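Trainee: Mind looking over this structure? Questions follow.
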Amino acid sequence: MKIAVFGTGMVGPSVAGALVKLGHDVVVGTRDPQATLTRTGAGPTGGIPFAQWHAEHSDVSLATFAEAAAGSELIVNATNGDGSLAALRAAGAANLAGKVIMDLANPLDFSQGFPPSLNPVNTDSLGEQIQRAFPGARVVKTLNTMNARLMVDPGSVAGGDHSVFVSGDDAEAKTVVAGLLADLGHRDIIDLGGISTARGTEMLLPIWLRLMGAFGNADFNFKIAR
Ligand code: NAP
């Protein structure tokens, strides 16, 4: 499949690399490709500079959000929650129409420091905001409840015995996303229902962040025992 992965932080390259290994044709989207390639420091959430990752992944091209979306069948949104709507607007509604947007972002609000709060929260979610802003696209919220490495290597914790959620209004889009999740190694894929259920998974972030604080690392995930 032709896939555009929006995001050059920790998550974007991790997911892009894994999708290439699965045989997909992947392009990474960014605001300004030249600026992204000349960036020397790690991103705000850590990781290596994008250019260093890109040097080892010459099979992944880098393009603007609009160029990346135009040639793709599916878009992975791995941009900062605060910038996700701007990134998708830059991609252009016409380039998103009819396509699956696999939304991995969290609406973390660091304006009052750490730990962040959520905005929107409770009566709305980033997943819903994206779906409302781009009614022609088919948004599926998923993978936002685990760290970047576990997204693509679930077997690295508890032999992969843990859960991933999907939320979205379009049943066929959720089937496509569930297929990709299974290919990445996820076994317990829980369909929560429509996109408004993204409120629930985005609101797992406050407990996820406290668990990271308690454990001192991000190598854990939620398992829904039933
Ligand atoms: P991040 O620093 O949160 O996001 C980096 C990306 O956001 C870059 O591609 C950047 O664009 C884009 N961006 C930032 N502000 C923007 C704006 N105003 N307009 C357009 N684009 C903007 O990196 P991350 O840690 O990889 O996280 C990505 C998303 O995944 C976040 O929403 C995060 O909450 C979620 N998430 C992260 C993890 C994790 O393990 N880190 C786990 C679960 C979910 P440029 O490329 O142009 O710089």
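Each value in this text was obtained by applying a stated rule to the coordinates, not by laboratory testing. Everything numeric in this text was worked out from a predicted model, so none of it was measured. Using ideal geometry, Cβ is built from the backbone for each residue, glycine included, and neighbour counts are taken over all protein chains shown.
Trainee: Can you give me the relative contact order of segment 124-226 as a percent, contacts being Cα pairs under 8 Å and 6 or more apart?
Mentor: This gives 36 percent for segment 124-226.
Trainee: Right, next: Starting at the first residue of segment 82-90, write each ³J(HN,Hα) from the Karplus equation 6.51 cos²θ - 1.76 cosθ + 1.60 with θ = phi - 60°, in whole Hz, x for Gly and Pro.
Mentor: 5, x, 4, 5, 5, 4, 6, 5, 5
Trainee: So what are the ³J(HN,Hα) numbers for segment 124-130, from phi and the Karplus equation (6.51, -1.76, 1.60; θ = phi - 60°), rounded to whole Hz, Gly and Pro as x?
Mentor: So the J values, rounded to whole Hz, are 7, 8, 5, x, 5, 4, 5.
Trainee: Next question. On full extension of the chain, what length is gained from LYS21 through ASP153, given 0.36 nm per residue of separation minus the C-alpha to C-alpha distance?
Mentor: Going from the current span to full extension adds 46.3 nm.
Trainee: If you don't mind, there's one more thing I want to ask. With runs of 4+ DSSP H residues as the only contributors, calculate the mean residue ellipticity of the chain at 222 nm using -39,500 (n - 2.57) per run, divided by the residue total and rounded to the nearest 500.
Mentor: -9500 deg cm²/dmol
Trainee: While we're looking at this one, here's another question. Under unit Cβ charges (Lys, Arg +1; Asp, Glu -1), what dipole magnitude, rounded to 20 debye, does the chain have relative to its Cα centre?
Mentor: 200
Trainee: In the Gaussian network model of the chain, springs joining C-alpha atoms below 10 Å, which of MET151, MET102, MET212 carries the largest mean-square fluctuation?
Mentor: MET212
Trainee: I want to verify a result. In a Gaussian network model of the chain, Cα cutoff 10 Å, which of these has the top mean-square fluctuation: GLY71, GLY159, GLY83?
Mentor: So, out of GLY71, GLY159, GLY83, the one fluctuating most is GLY159.
Trainee: Convex hull over the alpha-carbon atoms of segment 1-160: what's its volume per residue in Å³?
Mentor: Considering the Cα atoms of segment 1-160, their hull volume per residue is 122 Å³.
Trainee: Then there's this: Given the peptides 176-186, 40-50, arrange them by the average over their residues of other C-beta atoms within 10 Å, most packed first.
Mentor: Highest-to-lowest ranking by the protection proxy: 176-186, 40-50.
Trainee: Choose one answer from GLU73, GLU56, GLU128: the residue with the largest mean-square fluctuation in a GNM of the chain with alpha-carbon springs under 10 Å.
Mentor: GLU56
Trainee: Express in nm, to one decimal, how much length is gained between ALA70 and GLU172 on full extension, taking 0.36 nm for each residue of separation and deducting their alpha carbon distance.
Mentor: In short, 34.6 nm is gained.
Trainee: Can you tell me the relative contact order of segment 1-99? Whole percent, Cα pairs under 8 Å, sequence separation 6 or more.
Mentor: 36
Trainee: Kindly state, to the nearest 0.05, the FRET efficiency for LEU37 paired with ARG132, given R0 = 30 Å and r defined as their beta-carbon distance.
Mentor: Once rounded, the FRET efficiency stands at 0.35.
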